[in-house]
Amino acid sequence: MKRDVYSADHDLFRESIQAFIRSSVEPNLERYRAQGHTDRALWRAAGAEDLLGLSVPVELGGSEVDFRFNAILVEELARVALALASSIGIQTDVVAPYLIELSTDDLKARCFPAFCTGELVTAIAMTEPGAGSDLSGIQTRAVQTGSDWVLNGSKTFITNGANADLVIVAARTGEEKREITMFAVSSALPGFSRGRKLEKIGQHEVDTVELFFDDVRLTDADVLGEVGAGFRHMMERLPQERLHVACVNLAQAGAILEATLDYVKERRAFGRSIGSFQHSRFLLAELTTELEITQTYVDRCLAEHVAGNLTGVDAAKAKWWSSDVQNRVLDACVQLHGGYGYMLEYPVARAWADGRVTKIWGGSNEIMKELVGRSLGLRDE
């Protein structure tokens, strides 16, 4: 089914992203996997193509186009490596709204246009060793001392953390459960340190690390939004992050399904192509249908977001359902490849390992279902 959420301008942009990937991404993928992180050169190349400031106002060095352009960027990246869609998407889709909408003029002057050119790489640090989907459980604390703040604590599972120049950090600033404040923390500040690179099952192209804050001194200019309103600020911006996740989930799964269709037409067993077996036909029909139906819903969410109408509940539905469909598709594609599907030289094996985390990050699927259930009036008695 032809997708109708995009215009001719979006289609032309997609072609330019595909060209960028062929020239600047695909030749380096194996090296990224081997070294466990991308290079600064990739960020500068993306900046040179005006890909990092898509939603950034023109006066700050960006393009200020609608979010569908962001979606195209991460969709195409996800088709070749889910990790790159996550890494660059953190900058364009997750961090950008905090800096654009909540930062002080002083902070904007420090961040832009370097954010758009790729000279400034960013990350966001919410998750802690004892607080994942439950953001109200954050223990990292910032204490105000005169006009300054002193930040102490740690974060984990931080994508881009090894190379980030600026990290958005959620910290507790009061005794109330949700009294959290968001800070923009420069990695050059004394007391900021990076822990080990975490060894992951998949997504080896980008780094994931621990971060530590030991008496990091910040100023009021580093505060994002209102003091104590960080929980609300995060909740307001999580729908876009979850829509981002849904977009990359389906793009990655779709690319692997296409490759699997080619494989089953060529691979032969018992004197015939394995795609000609009824089981294979039925299974691939089911997978194709699930993906297309899910894509229709996600595209509707994308249109609603561009119109300013996407709700947190609808974004939660898109996130958990697309993650489940994605993982069903990937697992079935591995099975259809047989023993070859378990070999890392095949893209399907890497995609299967890369995709498992999508049911966890961005809020686990169990939390997404809880949000949807509560929206139906079903709460603890």
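The values are calculated or read from the model by the stated rules, or taken from the named source; none is laboratory data. From a predicted model like this one, the values you see are computed outputs, not experimental measurements. Cβ placement follows ideal geometry from the backbone for every residue including glycine, while neighbour counts extend to all protein chains displayed. Side chains included, ligands, DNA and RNA excluded: accessible areas come from the protein's heavy atoms. Shrake-Rupley method; radii C 1.70, N 1.55, O 1.52, S 1.80 Å.
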- For the stretch 33-48, name all the residues that are within 18 Å of residue 122 (Cα to Cα) and either open to solvent by 20 Å² or more (accessible area, probe 1.4 Å) or out of contact with any Cys (no Cβ under 8 Å at 6 or more places or on another chain) (or both). 36, 37, 38, 39, 40, 41, 42, 43, 44, 45, 46, 48
- Query: For residues in the stretch 360-381 being buried (at least 19 other Cβ atoms within 10 Å of the Cβ) and of a type outside the set (A, V, I, L, M, F, W, C), which is nearest to residue 90 (Cα to Cα)?
  - Reply: 362
- Query: Out of the stretch 280-298, which residues are within 28 Å of residue 263 (Cα to Cα) and under 21 Å from the mean Cα position of the chain (by Cα)?
  - Reply: 291, 294, 295, 296, 298
- Message: Take residues that are of a type in the set (Lys, Arg) and touching a residue at least 12 places away in the same chain (Cβ under 8 Å) and tell me which of the helices (runs of 4 or more DSSP H) falling wholly in the stretch 1-69 contain 2 or more.
- Response: 40-48
- Item | Residue that is most open to solvent (accessible area, probe 1.4 Å) [pool: residues in the stretch 117-151 that are charged (D, E, K, R) and not in a strand (DSSP E or B)] | 119
- Task: Kindly provide the set of residues from the stretch 12-32 that are open to solvent by 70 Å² or more (accessible area, probe 1.4 Å) and not hydrophobic (A, V, I, L, M, F, W, C), ordered by number.
- Result: 15, 22, 23, 26, 27, 30, 31
- Task: Tell me which residues, restricted to the stretch 326-358, are open to solvent by 60 Å² or more (accessible area, probe 1.4 Å) and over 23 Å from residue 274 (Cβ atoms).
- Result: 356
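Per-residue answers, yes or no, for (1) modelled with pLDDT under 95; (2) within 30 Å of residue 42 (Cα to Cα); (3) touching an Asp or Glu at 6+ places or on another chain (Cβ under 8 Å):
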{"site": "154", "(1), (2), (3)": "no, yes, yes"}
{"site": "160", "(1), (2), (3)": "no, yes, yes"}
{"site": "166", "(1), (2), (3)": "no, yes, no"}
{"site": "176", "(1), (2), (3)": "yes, no, no"}
{"site": "179", "(1), (2), (3)": "yes, no, no"}
- Query: Within the stretch 108-115, can one find any residue that is in a loop (DSSP other than H, G, I, E, B), open to solvent by less than 50 Å² (accessible area, probe 1.4 Å) and charged (D, E, K, R)?
  - Reply: no
- Does at least one position in the stretch 97-106 carry a residue that is assigned to a loop (DSSP other than H, G, I, E, B) and either of a type in the set (Asp, Glu) or in contact (Cβ under 8 Å) with a residue 12 or more places away in the chain (or both)? yes
- Search the stretch 197-235 for residues being out of contact with any strand residue (DSSP E or B) (no Cβ under 8 Å at 6 or more places or on another chain) and among the aliphatic types (A, V, I, L, M), and hand back the single one that is surrounded by the fewest Cβ atoms within 10 Å (Cβ to Cβ). 201
- Output the number of the condition that residue 154 fails; it satisfies all remaining conditions of (1) out of contact with any strand residue (DSSP E or B) (no Cβ under 6 Å at 6 or more places or on another chain); (2) among the polar types (S, T, N, Q); (3) within 22 Å of residue 364 (Cα to Cα); (4) surrounded by 14 or more Cβ atoms within 10 Å (Cβ to Cβ). (1)
- Residues satisfying the stated conditions in the stretch 165-196, i.e. open to solvent by 20 Å² or more (accessible area, probe 1.4 Å), farther than 17 Å from residue 139 by Cα and assigned to a strand (DSSP E or B): 186, 193, 194, 195, 196
- Message: Give me the residue from the stretch 244-287 that is in a strand (DSSP E or B) and either modelled with pLDDT of 95 or more or not aliphatic (A, V, I, L, M) (or both) and, out of that set, most open to solvent (accessible area, probe 1.4 Å).
- Response: 268
- Message: Please go through the stretch 287-338 and give me each residue that is over 23 Å from residue 367 (Cβ atoms) and of a type in the set (Asp, Glu), ordered by number.
- Response: 292, 299
- Every residue from the stretch 262-299 that is under 30 Å from residue 67 (Cβ atoms) and either free of Cβ contacts under 8 Å to residues at least 60 places away in the same chain or among the acidic types (Asp, Glu) (or both): 287, 288, 289, 290, 291, 292, 293, 294, 297, 298, 299
- Task: Evaluate the following for residue 315: is it surrounded by 16 or more Cβ atoms within 10 Å (Cβ to Cβ), within 24 Å of the chain's Cα centre (by Cα) and among the hydrophobic types (A, V, I, L, M, F, W, C)?
- Result: yes
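Please tell me if residue 338 is closer than 29 Å to residue 34 by Cα and of a type outside the set (Phe, Trp, Tyr).
Yes, satisfied.
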- Task: Give the stretch 85-107 a look and list any residue that's over 29 Å from residue 204 (Cβ atoms) and open to solvent by 10 Å² or more (accessible area, probe 1.4 Å), or say none.
- Result: 100, 101, 102, 103, 104, 105, 106
- Residue list for the stretch 132-153, restricted to those being closer than 23 Å to residue 91 by Cβ and without any contact (Cβ under 8 Å) to a residue 60 or more places away in the chain: 138
